[in-house]
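J.: Let me give you the structure first, and then I'll get to my questions.
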């Protein structure tokens, strides 16, 4: 009877030993899995930090590019404003002072003042008012008198 008890107890010890071995195998497997997860977590943190740094650099580059574009746009607007001829000055009831711009001709100037000020000018009246020789070219920046009558 004691032998049976001893055999029974030995069987129980063997089963417990098997269960302990199984638990130890599971713990080892879980420790390996945990180590892999920690490594993946660290890798993901590094990737995230790299992505954030790259995003910050790209944002800075985009802001710089937009700033350059805005500066260029302001330069173009200044250049356009400089190209526009200033408003004509009224010269003592005789007429208007006009500064010749690129592409201006006597006839285009006459048409512009006719439509703007309801005058009845011809290129000939402007030529005579300024004592310009026939066929003489206009020069950019040249001031001419536009008769008001």
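Throughout, read-outs are computed from the coordinates displayed, never taken from laboratory work. This one's a predicted model, so the numbers in the text were calculated from it and none came from an experiment. Glycine also receives a Cβ, built like all others from the backbone with ideal geometry; neighbour counts cover every protein chain displayed.
J.: Need the C-alpha centroid separation for the stretch 116-148 versus the stretch 1-71, integer Å.
T.: For the stretch 116-148 versus the stretch 1-71, the Cα centre distance is 89 Å.
J.: Which angle between 0 and 90 degrees, to the nearest 10, do you get for helix 106-117 versus the longest principal axis of the chain when only C-alpha atoms count?
T.: 80
J.: Sticking with this one: Grab the DSSP H runs of the chain that are 4 residues or longer, score each as -39,500 (n - 2.57), total them, divide by all residues and round the 222 nm result to the nearest 500 deg cm²/dmol.
T.: Per the formula, -24500 deg cm²/dmol.
J.: Now for a separate question. Once the Cα gyration tensor of the chain is found, what semi-axes does its equivalent ellipsoid get, as square roots of 5 times the eigenvalues, in whole Å, sorted largest first?
T.: Sorted largest first and rounded, they come to 104, 13, 10 Å.
J.: Determine, for 1, 69, the number of other Cβ atoms within 10 Å of each Cβ, and report the residues in order from fewest to most.
T.: Sorted ascending by nearby Cβ count, the order is 1, 69.
J.: Using only C-alpha positions, report the orientation-averaged shadow area of the convex hull of the stretch 1-62, nm², one decimal.
T.: If I average the Cα hull's projected area over directions, I get 4.2 nm².
J.: Calculate the FRET efficiency for residue 55 and residue 17 from the Cβ-Cβ distance with a Förster distance of 41 Å, rounded to the nearest 0.05.
T.: 0.15
J.: Hey, for a label at residue 97 modelled as a point 7 Å past Cα toward Cβ, could you say which residues of the stretch 114-143 have their backbone N under 18 Å away?
T.: Taking a point 7 Å out along Cα→Cβ of residue 97, the residues of the stretch 114-143 whose backbone N falls under 18 Å are 129-131, 139-143.
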